[in-house]
Amino acid sequence: MEVNKKEYDAYVKEITPVNNMWLNVAKAFVTGGIICCIGQALTNLFLAQGLEKESASAWTLLCLIGLSILLTGLNIYPKIVKHGGAGALVPITGFANSVAAPAIEFQAEGQVFGIGVKIFTIAGPVILYGTLASWILGLIYWIGTVLGIV
């Protein structure tokens, strides 16, 4: 049994990819920074067109989400994610990708059992726990205001 464990450990070590943490951090930082710079450029463009700050921000989000979905459909965003890791997954573009990718992947199974069932497989937990956390924090805030703490 000891020999099998050693062989298995050697096998695992052989097939496990070696990652350079600092390189991955740098790639994530640059990728996320580029996405943020694109967002800032869009906001500046919309502000220059005369939109108010709130409207410009909303249009920026819509453009970033739309661009992310388009790039996901063209199979470009998954390559960006593979290169940039968390830098591409954390911004709102990554969330849009997590909704669009399953919809594209399972479209062959039909509108209901493909897209309808699978569209939120990745994003669903984020939506669920984000909503739950917002509700709990809102309740705590409300109780704090009623008690005069906040």
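Quick look at the values:
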quantity	calculated
Expected 222 nm ellipticity per residue - DSSP helices of 4 or more, -39500 (n - 2.57), all of the chain, to 500	-25000 deg cm²/dmol
Peptides 60-69, 129-138, 103-112 ordered by average Cβ neighbours within 10 Å, highest first	60-69, 103-112, 129-138
Of the DSSP H helices in the chain, those whose Cα atoms cover at least 27 Å axially and whose Kyte score averages 1.0 or more	21-48, 53-73, 124-146
Of Cys36, Pro17, Ala48, farthest towards positive along the dipole that unit charges on Lys, Arg, Asp, Glu beta carbons give segment 1-48	Ala48
Cβ charges +1 (Lys, Arg) and -1 (Asp, Glu), total dipole of segment 2-118, debye	180 debye
Dimensionless Rg ratio for the chain, taking C-alpha atoms and the 2.2 N^0.38 Å reference	1.45
Cα centroid of segment 123-150 to Cα centroid of segment 1-66, whole Å	28 Å
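No value in this document is a laboratory result; all are computed from the given coordinates. Since this is a predicted model, take the numbers as computed values, not measurements. Because the Cβ atoms are built from the backbone with ideal geometry, glycine has one as well, and the counts that use them run over all protein chains shown.
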